[in-house]
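Visitor: One structure, pasted below without further comment.
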Amino acid sequence: MNLDGAHVVVTGASRGIGAATARACALAGARVTLLARSQDVDTRVAEIVAAGGRAQALRVDLTDPGAVATAAGRILADGPVNVLVNNAGAGRFLSVAETPPQEAVAMMASPYFAAYHATYAFLPGMLARKRGCIVNVTSPASRIVWPGATAYTAARWAMRGFTKALQADLAGTGVRAMLVTPGKVASAYFASNPGSEGRLPRIARLIPTLSPEDVAEAIVVGLRRDRADVVLPWSLRLLFAVHALAPWPVEALMVRTGWRRPAVDE
Ligand SMILES: NC(=O)c1ccc[n+]([C@@H]2O[C@H](COP(=O)([O-])OP(=O)(O)OC[C@H]3O[C@@H](n4cnc5c(N)ncnc54)[C@H](OP(=O)(O)O)[C@@H]3O)[C@@H](O)[C@H]2O)c1
């Protein structure tokens, strides 16, 4: 896909991977619309415009289907959307016993239902024009699980399942879906979701930490090359390949080097 002149909508663009992706797409010639709840999206727009890009922002809670429909109506009134990047997401690494049901529902709502609502709003226009791309960002937990992050992991599997199902549905339509799976990223994620960073399995330290800009660049390259599956860095790709060949030892390592359930007094 040629990003020059395209209209790219990025969710969760107030910081981190989403902000870097919006900026990278704008610098590649796209007009970008940034979506998030906080006012920081306005700052991100000002930075992109100062760098010579074209950007606008809308503040919306993507877990609210009505609010997403209203925002999408305003965006589409301005012209078609060529790329939707579903990146908004949150959720702490917690076991089931530590996760009250309403928190588990919120963790499924963002990222998964946020991505669903946005896709529901923008996909029909892409199908009518027979082109476009839905980009879904997920976590390595969607392929190789570790202990102590149960509802988080389920929500990232939902993102992967949604993308694979979209790829099957969209075959032959001219519209594509791309799954992006970065390793650990140095963003505000772990500050916003306290207690999570310490639960990454120790084996994960072998995989270098990425910057949001690394992920943004991989998304731009993936879009240009019409990729279906983007995994970075290369050492994570290698781990996925080893896991595909020999799942049991990799899963055992995740458990052995991961979070330990506190002992319960008998
Ligand atoms: N950081 C990592 O190590 C890592 C690794 C792999 C995958 N990921 C995934 O990548 C995605 C982005 O992560 P990040 O590291 O960039 O995190 P981040 O810095 O915490 O950014 C999360 C973004 O999502 C937005 N957001 C969350 N809930 C929202 C909602 N209900 N409505 C609208 N916007 C919402 C936030 O904006 P507001 O708060 O302003 O609404 C923010 O812009 C997440 O889905 C995460 O699971 C992260």
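Visitor: Which cross-chain or sequence-distant (5 or more) residues have an amide H under 5 Å from the amide H of residue 232, H modelled 1.01 Å from N in plane?
Guide: Result for residue 232 returns 181, 183.
Visitor: Taking +1 at the Cβ of each Lys and Arg and -1 at the Cβ of each Asp and Glu, which of 35, 248, 212 sits farthest along the dipole of the stretch 7-256 towards its positive end, judged by Cα position relative to the Cα centre?
Guide: 248
Visitor: Based on the Kirkwood radius over alpha-carbon pairs, what value in µm²/s does the Stokes-Einstein equation return for the translational diffusion coefficient of the stretch 1-142 at 10 °C and 1.306 mPa s?
Guide: Answer from the Stokes-Einstein relation: 103 µm²/s.
Visitor: Suppose every K and R has +1 on its Cβ and every D and E has -1 on its Cβ; what is the size of the dipole of the chain about the Cα centre, in Debye to the nearest 20?
Guide: 540
Visitor: Rounded to a whole number, what is D in µm²/s for the chain from Stokes-Einstein with the Kirkwood radius over alpha-carbon pairs (20 °C, 1.002 mPa s)?
Guide: 114
Visitor: Moving to a separate point now. Using the Karplus curve 6.51 cos²θ - 1.76 cosθ + 1.60 with θ = phi - 60°, what ³J(HN,Hα) values do you get for each residue of the stretch 20-29, in whole Hz, with x for Gly and Pro?
Guide: Running phi through 6.51 cos²θ - 1.76 cosθ + 1.60 with θ = phi - 60° gives 5, 5, 4, 5, 5, 5, 5, 6, 8, x Hz.
Visitor: Using θ = phi - 60° and the Karplus form 6.51 cos²θ - 1.76 cosθ + 1.60, what ³J(HN,Hα) does each residue of the stretch 118-135 get, whole Hz, x for Gly and Pro?
Guide: 5, 5, 4, 6, 9, 5, x, x, 5, 5, 5, 8, 6, 7, x, 8, 9, 10
Visitor: For the chain, what is the mean residue ellipticity at 222 nm derived from helices alone (per DSSP H run of n ≥ 4: -39500 (n - 2.57); sum divided by total residues; nearest 500 deg cm²/dmol)?
Guide: -14000 deg cm²/dmol
Visitor: With charges only on Cβ, +1 for K and R and -1 for D and E, what is the dipole size of the stretch 2-107 about its Cα centre, in debye, rounded to 20?
Guide: 220
Visitor: Using modelled backbone amide H atoms (1.01 Å from N, in-plane), which distant-in-sequence or interchain residues come within less than 5 Å of residue 85's amide H?
Guide: When sequence neighbours closer than 5 places are left aside, the close amide H contacts are 9, 10, 11, 135.
We did not get these values from a lab; they are worked out from the coordinates using the rules stated. All figures in this text were calculated on a predicted structure; none of them were measured in a lab. FYI the Cβ positions are ideal-geometry reconstructions off the backbone, even for glycines, and counts take in every protein chain you see.
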